[in-house]
Amino acid sequence: MKKMWIGGEFVGSHSEKTFRVVNPATEEILAEVPRGDRNDAADAVEAAAGAFEEWRFMPGVERADLLHHVAAACRHHRTELARLMTQEGGKPLIENLDEVEWVAACFDFYAQVGRDQKGRVIPPVQRDQFNFVVKEPYGVVACIVPWNYPLLLMAWKVAPALAAGNCVVIKPSEYTPLSTLRMAECAFSHLPSGVVNVVTGYGVEAGEPLTTHPKTDLIAFTGSLATGKKVAGLAALGMKKINLELGGNDPFIVCDDVDLDVAVRGAVWAAFLNMGQVCTSAERFYVFESVADTFIQKFVERTRALRIGDPLGPDVDLGPMIAEFQRKKVEDKIEEGRRAGAKVLCGGQRPPGFAKGFYYEPTVLTSVDHTMPLMKEETFGPVAPIMVVKGIEEACRLANDSIYGLGANLYTTSLEHVFYAMERVKAGTFWINDPLTDNDAGPFGGMRASGFGRELGSEGLEAFRDTKHVHLDYKLSSKPYWFPYDWSKARKTE
Ligand code: NAD
């Protein structure tokens with residue numbers, strides 16, 4: 001049985017219960033993992049709180065050195081961590097090898113950025129005074145993580161939180177806890193005890209008590225809108241700071257001035273990467289009418305050519321979905337669309353020849369419109385609905401017809417289209433001619449119901465630092481405006 005990582009030790013749960021982690025490609029049980037509860041969450045928060053004083057005052061160079069060490073350990077165990085993520089999450093190994101590298105890069109980035117500055121000096125309002133804006137850590141951060149990018153989305157929280165001087169408790173998804181536990185063993189064990197802790201278990205049993213614990217100061221959450229609302233409500237009751245990274249329903253606009261072969265390849269990748277289980281998956285396509293027929297024909301051809309199979313294998317583009325519940329949600333959405341008049345051009349079924357595993361064929365739909373939930377809600381699966389539009393105005397209007405605002409994509413070579421769309425489409429990230437590319441130095445996050453707060457970039461560090469204004473008078477002089485008041489010195493207003 002696996003164990004949790006609390007206070008620098010591997011421990012079981014107070015509950016003495018476990019849950020099973022299943023390989024979504026084979027449906028085999030991979031491991032039994034402790035089913036953490038309120039008491040485990042409390043132990044982990046106490047361990048983090050206990051380590052905080054030491055960690056926050058560690059000199060910047062020393063802390064940076066330790067974070068670089070985490071990055072190096074990650075790279076050293078890259079293949080092992082990637083395989084584990086593929087086994088528990090079903091994402092193709094080639095993508096997980098990239099993910100581990102991005103995790104290492106994120107720790108390296110924040111190791112450097114975290115030692116760069118701790119605030120600023122501002123001009124005083126009077127002579128003989130000095131004013132600082134000091135950035136300081138919050139204390140204990142609960143990092144609650146989903147299953148689709150288990151290590152990357154953990155790193156986007158943990159690396160800046162630690163660089164800012166906080167200590168953390170990680171709650172990985174119940175579907176993918178194994179890679180995080182292995183990270184604890186091979187990378188976080190290099191840090192002082194209690195600086196990083198990992199509690200495994202279900203959201204309500206292990207996640208909620210982390211959110212509500214009086215010594216948790218900040219909650220960094222990535223997950224669904226529904227859970228985000230719950231977490232935000234609980235955080236509000238405790239007046240805790242919260243960063244929310246929630247769902248999306250990203251639009252993808254294709255204008256009539258691009259090389260369609262390039263646009264189609266980009267579009268198919270943006271739709272079906274990780275079986276569409278990416279928060280910034282392209283979930284709806286708007287194609288200019290003059291190129292729509294060709295675009296759709298090429299899109300279907302490319303989709304049919306995608307290779308579904310064992311995600312550990314070399315010649316595979318798509319693995320399974322994470323679990324049966326997620327596949328069922330996608331099937332229901334497609335069926336609902338079909339009943340409303342959507343046409344399935346390819347996919348729309350489970351692939352033949354797979355006795356086990358939560359596989360589904362990548363699906364292309366046309367004859368869709370904005371009365372269908374398929375276009376307005378997050379699907380989080382391998383589904384690409386394509387709508388034909390007259391031009392950029394209609395495309396942008398439809399792009400904004402969603403409660404979400406996470407990412408958006410545009411394919412064009414027209415400067416006019418670029419600026420028109422970039423200024424109008426509500427999205428935390430706007431990709432032009434290169435979908436879904438992140439940058440450690442650039443902020444990532446959502447507008448509207450996709451959340452608030454930003455990860456990555458300097459914004460991603462600020463999210464984990466509180467602000468203190470320090471006002472200093474170095475002359476120790478009495479002020480003329482203190483008691484007793486003297487009307488002869490009052491400022492004239494007339
Ligand atoms: P989820 O909301 O079901 O779970 C996310 C995490 O929250 C898990 O660790 C879960 O155990 C925990 N949790 C569940 N209930 C909780 C509660 N009451 N209190 C505290 N924690 C609780 O999401 P998921 O299915 O794991 O992930 C998919 C969702 O995440 C999609 O909506 C996707 O768009 C979103 N997502 C967003 C981003 C982003 O950066 N904006 C990135 C990846 C995924």
Original post:
Rounded to the nearest 5, what % of the DSSP beta bridges within the chain are antiparallel ones?
Top reply: 45 percent
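For the chain, what does the accessible surface come to per residue with a 1.4 Å probe? Please give it in Å².
On the way: 21690 Å² over 494 residues.
Per residue, the chain has an accessible area of 44 Å².
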Subject >> Number of Lys pairs (Cα under 19 Å; 8 or more positions apart or on different chains) in segment 250-432 >> reply: 10
Original post:
Helix 324-339 versus the longest principal axis of the chain: what is the Cα-based angle in degrees, 0 to 90, to the nearest 10?
Top reply: 60 degrees
**OP:** Return the carbon/sulfur percentage of the accessible area of segment 13-85, one whole number, probe 1.4 Å, all protein chains in place.
**Re:** 47 percent
Original post:
What net charge do the residues around Trp431 carry, taking every other residue with its C-beta under 13 Å from that of Trp431, with Lys and Arg at +1 and Asp and Glu at -1?
Top reply: -3
Original post:
In degrees, nearest 10, range 0 to 90: what is the angle between the Cα axis of helix 93-113 and the longest Cα principal axis of the chain?
Top reply: 20 degrees
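How much net charge surrounds Pro24 when only other residues with a Cβ under 12 Å from its Cβ are counted (Lys, Arg +1; Asp, Glu -1)? Write out the running numbers ahead of the final one.
Numbers: positive: Lys91, Arg327, Lys356; negative: Glu27, Glu28, Glu88, Asp310, Glu324.
Counting the neighbours of Pro24, the net charge comes to -2.
Would you mind telling me the share, in percent, of accessible area of segment 250-432 contributed by carbon and sulfur at probe 1.4 angstrom?
On the way: 3730 of 7460 Å².
The nonpolar share, carbon plus sulfur, comes to 50 percent.
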Original post:
Helix 289-304 versus the longest principal axis of the chain: what is the Cα-based angle in degrees, 0 to 90, to the nearest 10?
Top reply: 80 degrees
Original post:
Taking Lys157 as the anchor, which lysines have their alpha carbon closer than 20 Å to its alpha carbon, excluding any fewer than eight residues away along the same chain?
Top reply: Lys118, Lys135, Lys171, Lys215, Lys229, Lys230, Lys240, Lys241
**OP:** Quick one: check the C-alpha center-to-center distance for segment 442-494 versus segment 53-68, whole angstrom.
**Re:** 27 Å
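The values are calculated or read from the model by the stated rules, or taken from the named source; none is laboratory data. The structure displayed is predicted, hence computed values, not measured ones. Glycine gets a Cβ as well: all are built from the backbone with ideal geometry, and neighbour counts include every protein chain shown. SASA here: full protein model, heavy atoms, side chains in, ligands and nucleic acids out. Shrake-Rupley method; radii C 1.70, N 1.55, O 1.52, S 1.80 Å.
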